[in-house]
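Q: Mind having a look at this structure? Questions to follow.
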Amino acid sequence: MALKLPIYMDYHATTPCDPRVFEAMSPYFTEKFGNASSRSHQFGWDAEEAVETARKQVADLLCASSKEIVFTSGATESDNLAVKGIAEKYYERGDHIITVVTEHKAVLDPCKRLEKQGFKVTYLPVGSDGLISPDDVKNAFTDKTILVSVMMVNNEIGVIQPIEEIGRVCKEREVFFHTDATQGVGKLPFDVNKMNVDLVSLTAHKMYGPKGVGALYVRRKDPRVALAPMIDGGGQERGMRSGTLNVTGIVGLGKAAEVARADIESEHERIFALREKLRRGIMDRVADVYINGHETKRAAGNLNVSFAHVEGESLLMGINDIAVSSGAACSSASIEPSYVLKALGVSEELAYSSIRFGLGRFNTEEEVAYTIDRFTETVARLRELSPIWETA
Ligand SMILES: *Cc1c(COP(=O)(O)O)cnc(C)c1O
């Protein structure tokens, strides 16, 4: 099979919609266009039935029950609803939240806003491997702690936090535990009870579904979790999230969940093998390459590496037929090294030299082989041109 360029290897940013998902969604754009809240006719009933099927598909992926799934516009909204919704509902019980410096901005920024409103937030530091320990959480509890929020899989370095163990210490203290599992759901086995989580954020477009739709799992018993809504209106989603449901998107999210669950193990194995081939190929052929984040406790599809003496941005400019990300993010005009890599203690130079490869469902062996060749050649060429490399 001929290699098709450009190659997509940025699955942490977004994933293509699986054709099976697209096919399931298709009728809901046109003939099945009803409003799921319309109770008086077939169009509404059909839409509602489709939404409830999807709710069950998402719940099954998490080993949860349907009533615990609240549909949202994506993980950013789910994170906001979890963090601010708990804060507003339970502020009389306490005003302290624990999270981690390497969280996604969709968790960190709501926490910052709550600080302005008088809440106290502990931002736990991570080790050089990007991980925290359950004891770090234990030691940060105060009598006023109402929420702990720790992501499952980091979106830059792919490291997997010990969610089950952190959940256990939260349960002992009767503190609510939220996890942003956007990069983990559908890729790793997930069981809300086994993992001791009370709130879980996810989004369709990171698991081969469409953009603009996601969900928040909200535990209904042991303990029952209540949330202050962020969007008021028609009272959809049991009042937790008003607004006409995105039926088409929800059907897509449900189908994506079903597809992911059916193949979760074999897909993990296949993607892990591709990632290992990529990792070994690069490490064997390029000198001075450093892996960012824990070597083994990481998502199968993630490889985040720094190529010393080469700027990530220059590397990306030299390789325009492979879509990956660099660890330098453009934030309002300037290029800043990633705050996640900084938190690991990675030097500024190596942070600027970092590349995030995100492998997924549609990558092939041929693409990985081509990627190894392209990076090897391009790094060598850039280093030859680099005065820093000559003297190194
Ligand atoms: C992508 C991502 C988000 C944001 O999800 P959206 O659906 O795009 O709002 C939040 N958290 C993590 C970890 C992500 O990877």
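Q: So Gly94 passes all but one of these: (1) farther than 22 Å from Ala204 by Cα; (2) within 16 Å of the ligand (Cβ to nearest atom). Which condition number does it fail?
A: Of everything listed in (1) farther than 22 Å from Ala204 by Cα; (2) within 16 Å of the ligand (Cβ to nearest atom), Gly94 misses just condition (2).
Q: Output the residue which, of all residues in segment 1-41 that are assigned to a loop (DSSP other than H, G, I, E, B) and of a type in the set (S, T, N, Q), is farthest from the ligand (Cβ to nearest atom).
A: Ser40
Q: Moving on to the next point. In segment 52-90, what residues are out of contact with any Ser or Thr (no Cβ under 9 Å at 6 or more places or on another chain), over 15 Å from Ala226 (Cα atoms) and aliphatic (A, V, I, L, M)?
A: Of everything in segment 52-90, those that are out of contact with any Ser or Thr (no Cβ under 9 Å at 6 or more places or on another chain), over 15 Å from Ala226 (Cα atoms) and aliphatic (A, V, I, L, M) turn out to be Ala54, Leu61, Leu62, Ala64.
Q: Condition first: within 16 Å of the ligand (Cβ to nearest atom), hydroxyl-bearing (Ser, Thr, Tyr) and in contact (Cβ under 8 Å) with a residue 40 or more places away in the chain. Can you find one or more residues in segment 78-88 that meet it?
A: yes
Q: Here's something else I'd like to know. What strands (runs of 3 or more DSSP E) completely inside segment 287-374 contain at least 1 residues that are more than 21 Å from the chain's Cα centre (by Cα), surrounded by fewer than 17 Cβ atoms within 10 Å (Cβ to Cβ) and without any contact (Cβ under 8 Å) to a residue 60 or more places away in the chain?
A: Hits in segment 287-374: 334-337.
Q: Given the structure, is Ala64 more than 16 Å from the ligand (Cβ to nearest atom), within 20 Å of the chain's Cα centre (by Cα), buried (at least 19 other Cβ atoms within 10 Å of the Cβ) and in a helix (DSSP H, G or I)?
A: So Ala64 fails the test.
Q: Part of a helix (DSSP H, G or I) and in contact (Cβ under 8 Å) with a residue 60 or more places away in the chain, is that true of Val126?
A: no
Q: Could you run through segment 175-200 and say how many residues are within 14 Å of the ligand (Cβ to nearest atom), touching a residue at least 40 places away in the same chain (Cβ under 8 Å), assigned to a loop (DSSP other than H, G, I, E, B) and among the aliphatic types (A, V, I, L, M)?
A: The qualifying residues number 0.
Q: Further question: Restricted to segment 201-224, and to residues that are touching an Asp or Glu at 6+ places or on another chain (Cβ under 7 Å) and under 20 Å from Gly301 (Cβ atoms), which residue is nearest to the ligand (Cβ to nearest atom)?
A: Top of the filtered list is Gly214.
Q: Now, a different point. Which one is surrounded by the most Cβ atoms within 10 Å (Cβ to Cβ), of the residues in segment 97-130 that are more than 16 Å from the ligand (Cβ to nearest atom) and of a type in the set (Gly, Ala, Ser)?
A: Gly127
Q: Looking only at segment 283-314, filter to residues that are among the aliphatic types (A, V, I, L, M) and touching a helix residue (DSSP H, G or I) at 6+ places or on another chain (Cβ under 6 Å); which one of those is modelled with the lowest pLDDT?
A: Ranking the candidates gives Val310 first.
The values are calculated or read from the model by the stated rules, or taken from the named source; none is laboratory data. From a predicted model like this one, the values you see are computed outputs, not experimental measurements. Cβ sites come from the backbone with ideal geometry, for glycine too, and all protein chains shown count toward neighbours.
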